[in-house]
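A.B. asks: Next up is a structure, given as structure tokens.
Any read-out appearing in this document is the output of simple, stated calculations on the displayed coordinates, not a laboratory observation. Bear in mind the structure is a predicted one, so any value in this text is a computation, not a measurement. Glycine gets a Cβ as well: all are built from the backbone with ideal geometry, and neighbour counts include every protein chain shown.
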Amino acid sequence: EPEVTQTPSHQVTQMGQEVILRCVPISNHLYFYWYRQILGQKVEFLVSFYNNEISEKSEIFDDQFSVERPDGSNFTLKIRSTKLEDSAMYFCASSERTSYNEQFFGPGTRLTVL
Amino acid sequence: GQNIDQPTEMTATEGAIVQINCTYQTSGFNGLFWYQQHAGEAPTFLSYNVLDGLEEKGRFSSFLSRSKGYSYLLLKELQMKASASYLCAVREDDYKLSFGAGTTVTVRA
């Protein structure tokens, strides 16, 4: 069964460093998303991406964040200068031809900022 | 803004039925989803309601009343592996899902 994959599974970085989290969505999916979940808290929407542009973003997704689809398969989330409060599990998700289908989540990248 | 409420914890016995309620107040409504999340893992899709009524899917059923801003997820014939967090999520517009805090269900033998 096709699935969303994410790398790395765990990333440890120093405060102020840049990180890039990588995702490979399901191959025939056209809508891509990033969510985050701080330990013990709820899943929060960051950004959605369709047709090579951001379709919606939350107030969390400030200028320190960016997304890119550098080729036909990868979808990346970059955090330019990490802060302690960026420590969380980051989930990539994708959905099929329209945005009205369910979103399939990847296994997540646990980001720890020291 | 959005407010999505669900109970924090529920406990049930193996083989029993448990109903997890979710109430929501959101600026828009374009469907309600239930996801299951085991600790440290990704949410996995369980069910989707956009029209009022009951959707049945094997051991899972989900109900929606849009006029009441209310949904429930029914877990039947509970197995030990059903112990997990169950997340209610509302799609307010075309894209993002807004999640509740989740209900941790513990299944006891």
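A.B. asks: Between A:E96, A:E44, A:E59, which is over 19 Å from B:E92 (Cβ atoms) and either among the charged types (D, E, K, R) or within 10 Å of the chain's Cα centre (by Cα) (or both)? Step through it out loud before you land on a result.
C.D. replies: Numbers: A:E44 fails: over 19 Å from B:E92 (Cβ atoms); A:E59 fails: over 19 Å from B:E92 (Cβ atoms).
So the residue among A:E96, A:E44, A:E59 that is over 19 Å from B:E92 (Cβ atoms) and either among the charged types (D, E, K, R) or within 10 Å of the chain's Cα centre (by Cα) (or both) is A:E96.
A.B. asks: Filter region B:23-45 for residues that are under 21 Å from B:K68 (Cβ atoms) and facing chain A (nearest Cβ under 9 Å); which is surrounded by the fewest Cβ atoms within 10 Å (Cβ to Cβ)? Give the steps one after another, and end with the answer.
C.D. replies: Of region B:23-45, the ones under 21 Å from B:K68 (Cβ atoms) are B:23-34.
Adding the requirement that they be facing chain A (nearest Cβ under 9 Å) leaves B:30-31, B:33.
Numbers: B:N30: 14, B:G31: 18, B:F33: 22.
The selected residue is B:N30.
A.B. asks: Which pairs turn up if I take residues in region B:88-109 that are within 19 Å of A:W34 (Cα to Cα) and look for partners that are assigned to a loop (DSSP other than H, G, I, E, B) and aromatic (F, W, Y) with beta carbon separation below 7 Å, at least 6 apart in sequence or on another chain?
C.D. replies: Note: pairs meeting the criteria are B:V90/B:F29; B:E92/B:F29.
A.B. asks: If the Cβ limit is 7 Å and pairs must be 6+ apart or interchain, which residue in region B:9-30 that is in contact (Cβ under 8 Å) with a residue 40 or more places away in the chain pairs with which residue that is loosely packed, with under 12 Cβ neighbours inside 10 Å?
C.D. replies: That search, which allows pairs on different chains as well, returns B:T11/B:R108; B:T13/B:R108; B:E14/B:Q79; B:E14/B:M80; B:E14/B:R108; B:E14/B:A109; B:G15/B:E77; B:S27/B:G1.
A.B. asks: Still on this structure, please answer the following. Mind checking which residues of region B:1-41 are in contact with a Pro (Cβ under 9 Å, 6 or more places away or on another chain) and of a type in the set (V, I, T)?
C.D. replies: Residue satisfying the conditions is B:I20 alone.
A.B. asks: Out of the residues in region A:101-114 that are surrounded by fewer than 21 Cβ atoms within 10 Å (Cβ to Cβ) and out of contact with any Asp or Glu (no Cβ under 8 Å at 6 or more places or on another chain), state the one that is farthest from the other protein chains (Cβ to nearest Cβ).
C.D. replies: Taking region A:101-114 as the starting set, the residues that turn out to be surrounded by fewer than 21 Cβ atoms within 10 Å (Cβ to Cβ) are A:101-102, A:107, A:110, A:112-114.
Next cut, out of contact with any Asp or Glu (no Cβ under 8 Å at 6 or more places or on another chain) only: A:101-102, A:110, A:112, A:114.
Numbers: A:N101: 9, A:E102: 4, A:R110: 8, A:T112: 14, A:L114: 20 Å.
Only one residue fits best here, namely A:L114.
A.B. asks: A:E3: of a type in the set (D, E, K, R) and over 18 Å from B:F99 (Cβ atoms), yes or no?
C.D. replies: Values: of a type in the set (D, E, K, R): yes; over 18 Å from B:F99 (Cβ atoms): yes.
It is true that A:E3 is of a type in the set (D, E, K, R) and over 18 Å from B:F99 (Cβ atoms).
A.B. asks: What number of residues within region A:6-25 satisfy the criterion of being within 11 Å of A:F75 (Cα to Cα) and outside any strand (DSSP E or B)?
C.D. replies: Matching residues across region A:6-25 total 1.
A.B. asks: Further, regarding this structure: Give the residues of region A:44-74 that are more than 14 Å from chain B (Cβ to nearest Cβ) and in a loop (DSSP other than H, G, I, E, B), sorted by residue number.
C.D. replies: Initial filter on region A:44-74 (more than 14 Å from chain B (Cβ to nearest Cβ)): A:52, A:62-66, A:68-74.
Within region A:44-74, A:N52, A:D62, A:D63, A:Q64, A:R69, A:P70, A:D71, A:G72, A:S73, A:N74 meet the criteria.
A.B. asks: Taking the stated definitions as given, is A:G40 in a loop (DSSP other than H, G, I, E, B), without any contact (Cβ under 8 Å) to a residue 40 or more places away in the chain and either away from chain B (no Cβ under 13 Å) or not hydrophobic (A, V, I, L, M, F, W, C) (or both)? Don't jump to the end; show me each part of the working.
C.D. replies: Numbers: in a loop (DSSP other than H, G, I, E, B): yes; without any contact (Cβ under 8 Å) to a residue 40 or more places away in the chain: yes; either away from chain B (no Cβ under 13 Å) or not hydrophobic (A, V, I, L, M, F, W, C) (or both): yes.
Here the answer is yes, as A:G40 does meet what is asked.
A.B. asks: Can you tell me which residue within region A:1-41, out of those that are among the β-branched types (V, I, T) and either surrounded by 22 or more Cβ atoms within 10 Å (Cβ to Cβ) or within 15 Å of the chain's Cα centre (by Cα) (or both), is nearest to B:T8 (Cα to Cα)? If you could, list the steps in order and put the result at the bottom.
C.D. replies: The initial filter retains those residues of region A:1-41 that are among the β-branched types (V, I, T), namely A:4-5, A:7, A:12-13, A:19-20, A:24, A:26, A:38.
Adding the requirement that they be either surrounded by 22 or more Cβ atoms within 10 Å (Cβ to Cβ) or within 15 Å of the chain's Cα centre (by Cα) (or both) leaves A:4-5, A:7, A:19-20, A:24, A:26, A:38.
Numbers: A:V4: 29, A:T5: 30, A:T7: 31, A:V19: 33, A:I20: 33, A:V24: 33, A:I26: 32, A:I38: 17 Å.
Checked region A:1-41; the qualifying residue nearest to B:T8 (Cα to Cα) is A:I38.
A.B. asks: Give the residues of region B:71-109 that are surrounded by 15 or more Cβ atoms within 10 Å (Cβ to Cβ), more than 14 Å from every other protein chain (Cβ to nearest Cβ), hydroxyl-bearing (S, T, Y) and in a strand (DSSP E or B), sorted by residue number.
C.D. replies: Of everything in region B:71-109, those that are surrounded by 15 or more Cβ atoms within 10 Å (Cβ to Cβ), more than 14 Å from every other protein chain (Cβ to nearest Cβ), hydroxyl-bearing (S, T, Y) and in a strand (DSSP E or B) turn out to be B:S71, B:Y72.
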